[in-house]
1. Tell me, what is the percent relative contact order of chain B, built from C-alpha pairs under 8 Å that lie six or more residues apart?
2. For the protein assembly as shown, take the convex hull of the Cα atoms, compute a quarter of its surface area, and give me that in nm², please.
3. Could you list which residues have their amide H under 5 Å from that of A:THR35, counting only those 5 or more apart in sequence or on another chain, with H placed in the peptide plane?
4. Which residue, B:SER175, B:ALA226, B:HIS404, has the largest displacement toward the positive end of the dipole of chain B when charges sit on each Cβ (Lys, Arg +1; Asp, Glu -1)?
5. List the residues, sorted by chain then number, that are 5 or more residues from B:LEU306 or on another chain and whose placed amide H is less than 5 Å from its amide H.
6. For the ranges B:276-285, A:359-368, B:298-307, what's the packing order if you count other beta-carbon atoms within 10 Å of each residue, average per peptide, and put the highest first?
7. Please give the calculated 222 nm ellipticity per residue for the protein assembly as shown, where each DSSP H segment of at least 4 residues contributes -39500 (n - 2.57) and the sum is spread over every residue; nearest 500 deg cm²/dmol?
8. So how compact is region B:178-255: Cα radius of gyration and Dmax in angstrom?
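No value in this document is a laboratory result; all are computed from the given coordinates. Quick caveat, the model's predicted, so the values are computed rather than measured. Cβ coordinates were reconstructed from backbone atoms using ideal geometry, including for glycine residues, and neighbour counts include every protein chain displayed.
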Protein chains: 2
Amino acid sequence: MIAEILCVGTELLMGQVLNTNARYLARGLSALGITHQRQSVVGDNPERLREALQEALRRADVVITSGGLGPTVDDITKRVTAELAGQELVLRPEAEAHVRECFARFGREMTPNNLSQAMFTADSVLLPNPKGTAPGAIVPMDPEGAKFVIHLPGPPRELEPMFAASVAPWLAARSENALRSRYFRLFGIGESDVDDRLGDLERGGNPSLSPYCSLGEVLLRLTAAAPTEAEALALMDPIAQEVRRRLGEFIYDERDDEGGSLEECAIRALRARGWTVATCESLTGGMIADTLVGVPGASEVVKGGLVTYMSVAKTMLAGVPAELIERCNVVSAEVAMAMAQGTRQRLEVDIAVSATGLAGPGGGTPERPVGTVFLGIATAKGVRAIPLHLTGDRPRIRQLTVKHALRALIREAAGA
Amino acid sequence: MIAEILCVGTELLMGQVLNTNARYLARGLSALGITHQRQSVVGDNPERLREALQEALRRADVVITSGGLGPTVDDITKRVTAELAGQELVLRPEAEAHVRECFARFGREMTPNNLSQAMFTADSVLLPNPKGTAPGAIVPMDPEGAKFVIHLPGPPRELEPMFAASVAPWLAARSENALRSRYFRLFGIGESDVDDRLGDLERGGNPSLSPYCSLGEVLLRLTAAAPTEAEALALMDPIAQEVRRRLGEFIYDERDDEGGSLEECAIRALRARGWTVATCESLTGGMIADTLVGVPGASEVVKGGLVTYMSVAKTMLAGVPAELIERCNVVSAEVAMAMAQGTRQRLEVDIAVSATGLAGPGGGTPERPVGTVFLGIATAKGVRAIPLHLTGDRPRIRQLTVKHALRALIREAAGA
């Protein structure tokens with residue numbers, strides 16, 4: 001089965017709205033193993049919508065639309081689709097009851113144009129909308145039942161539950177394959193290095209191996225499709241072993257879903273060790289602590305932290321001797337270690353991580369160019385510094401510093 | 001001029017990446033007054049890319065692509081475009097120099113396939129990429145110079161500055177109108193309230209008034225197009241005055257470009273006052289400090305901060321009496337004020353801001369539901385608390401708290 005996504009809305013063409021629906025639906029199709037080769041966006045214009053729908057139906061068996069189900073004059077998706085199917089829109093009593101009930105519940109008066117939300121072709125399968133007024137629909141486009149258009153509402157809070165509850169089961173029932181995926185999370189290796197090392201395994205087909213790059217990290221997805229789950233797993237396993245053999249040193253997490261960010265792994269590793277953590281941050285200005293606190297359950301692990309942005313704050317808060325800063329430079333292994341040790345003592349935690357460095361744009365020197373960063377890690381066993389030589393602009397250097405700090409916490413907590 | 005956006009990347013079809021590029025480019029086209037009727041996404045597949053490009057070039061004068069400029073086998077955008085233009089890709093020396101310099105700067109070895117990033121058709125106009133390895137290009141698709149494909153890199157941090165610096169001026173020069181915009185930044189009012197208050201001014205046309213909503217903030221763009229800049233300004237001015245009259249209390253910044261985030265305004269206001277600032281953060285875990293530090297020039301203003309995530313850290317670091325926490329609850333106006341005062345004294349700053357609250361998901365009670373937050377503001381004049389009743393999930397509550405804290409700093413520094 002081949003599916004396409006067609007999002008309808010001038011607000012998308014104006015850039016007023018981020019198209020999160022396309023990503024949500026793409027993920028859903030991918031999880032179901034349904035081929036999805038094209039996404040399109042058109043505005044609230046009947047001719048251009050008709051053209052886009054016709055093209056999409058030539059290429060795909062199922063076209064999922066989002067948006068254009070509301071009562072305003074702009075909302076044209078159902079009307080254009082019905083014309084292409086050669087059918088009339090008729091008032092569907094079950095949809096009318098839902099629309100009337102919504103208005104009654106919100107205490108709003110229903111104007112006649114709102115009943116257009118209850119009109120569908122006679123053979124459409126209606127999709128309940130528990131979160132909004134406009135029902136969705138699965139619309140057969142030919143008498144043979146070969147092609148379908150699936151209408152979903154535009155607001156993500158309506159679209160997402162409707163897809164999950166009504167569309168995904170319908171699509172699953174019509175598609176053939178079981179699909180299994182395995183996700184490897186890598187840190188410290190670039191996308192092109194992953195390509196070089198796995199290039200011979202990546203040549204498309206089944207199983208497929210796809211690297212997705214984000215700042216400093218690579219998410220590697222291994223997917224196999226087969227008539228049964230066991231067969232899909234059997235296809236996948238030898239490739240998974242090869243990935244581990246070739247890239248093991250860079251893998252910090254491996255699981256059956258996409259989850260598992262660096263910060264989640266760090267919290268998990270610290271909790272497993274029964275450790276509390278504190279931070280002492282200069283160039284990252286609190287971002288390491290904030291990233292850890294963003295993980296639910298952080299409160300068992302994260303005690304607190306110090307933001308020592310000005311040099312004098314390193315002395316005031318973490319007890320770094322002013323003389324040491326003067327002698328070694330504020331961006332130095334010595335100061336990073338003193339920050340971590342001072343923080344560990346001051347906050348009475350098991351492990352403290354510190355970061356001092358030059359995020360730029362100004363302030364670089366030949367000996368200490370922008371991107372020079374030192375992390376400090378203090379535990380009961382002692383203290384050490386990790387020098388980093390980062391590149392890029394200020395946000396990138398700050399974010400990479402956070403990721404390196406999280407990676408260092410994971411390694412330390414794992415006892416590696 | 002009619003433009004289309006064509007984003008290339010299997011990661012978009014798999015739903016692994018949110019298509020922020022499409023929105024960024026759509027906004028850019030909209031700001032230039034360029035007609036934009038269609039967006040498409042295809043995967044890293046040459047046949048389907050060719051088909052999509054051909055279709056787009058039939059409809060549009062300019063097709064802007066994003067993605068597929070890198071060195072891997074998947075990266076096919078330039079090759080397919082050159083074939084459609086009936087030309088060869090040749091090594092362009094200025095691009096080769098840039099690619100080699102990038103590798104030298106990052107200290108990485110350049111494999112031969114990386115030189116593909118320096119190959120373009122002979123008549124392409126190259127677009128510098130200060131943030132990455134792969135240059136972009138404006139590719140003429142016919143000898144008459146009627147149709148163009150513009151290649152931009154996939155990573156937003158490379159695409160956005162390249163569009164702003166190289167593509168927008170080129171597009172502006174080719175389109176007819178002078179365009180003037182005015183941006184109002186609002187905090188504390190929702191998009192639908194803005195709609196209600198400005199509905200009569202918003203009825204499309206020229207000048208146009210478009211609200212863009214983000215978390216807790218509304219960016220209102222007023223744009224006028226006319227044969228000359230002076231005429232565009234004359235069209236715009238009466239509407240700008242009306243916006244100020246109706247929404248003045250919510251406007252925290254007004255300027256001719258989109259810049260001017262809350263944090264930039266906060267740093268600017270603090271610097272204008274000659275004040276240093278420190279933070280004391282519980283539920284936000286360092287995000288207020290980090291957001292301030294993210295603004296270049298923050299080092300004159302931000303001294304440091306305390307992350308007091310566990311209750312005991314509020315006592316250890318900010319000197320909040322354990323008895324006060326016990327008596328008033330850790331989420332209380334009293335504790336927020338004590339955090340701010342303790343931090344102001346401890347860090348010897350002019351103003352300290354604190355935040356304590358319940359970000360959820362767990363921990364709410366009938367008296368203190370999730371979303372209950374108290375900010376504290378301490379200055380030489382004294383200390384006060386600001387109670388907030390926020391809604392939404394954990395990330396939203398934490399981010400809204402940061403924005404309210406920044407807004408409070410702006411007001412306080414402005415002496416309001």
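1. 10
2. Its average projected convex-hull area is 36.7 nm².
3. Correct list: A:ALA3.
4. Looking along the dipole axis, the top candidate is B:HIS404.
5. A:VAL307, B:THR279, B:CYS280, B:GLU281
6. Details: B:276-285: 29.7, A:359-368: 13.6, B:298-307: 26.2.
The most tightly packed comes first, giving B:276-285, B:298-307, A:359-368.
7. That comes out to -12000 deg cm²/dmol.
8. Gyration radius and largest Cα-Cα distance of region B:178-255: 12.0, 37 Å.
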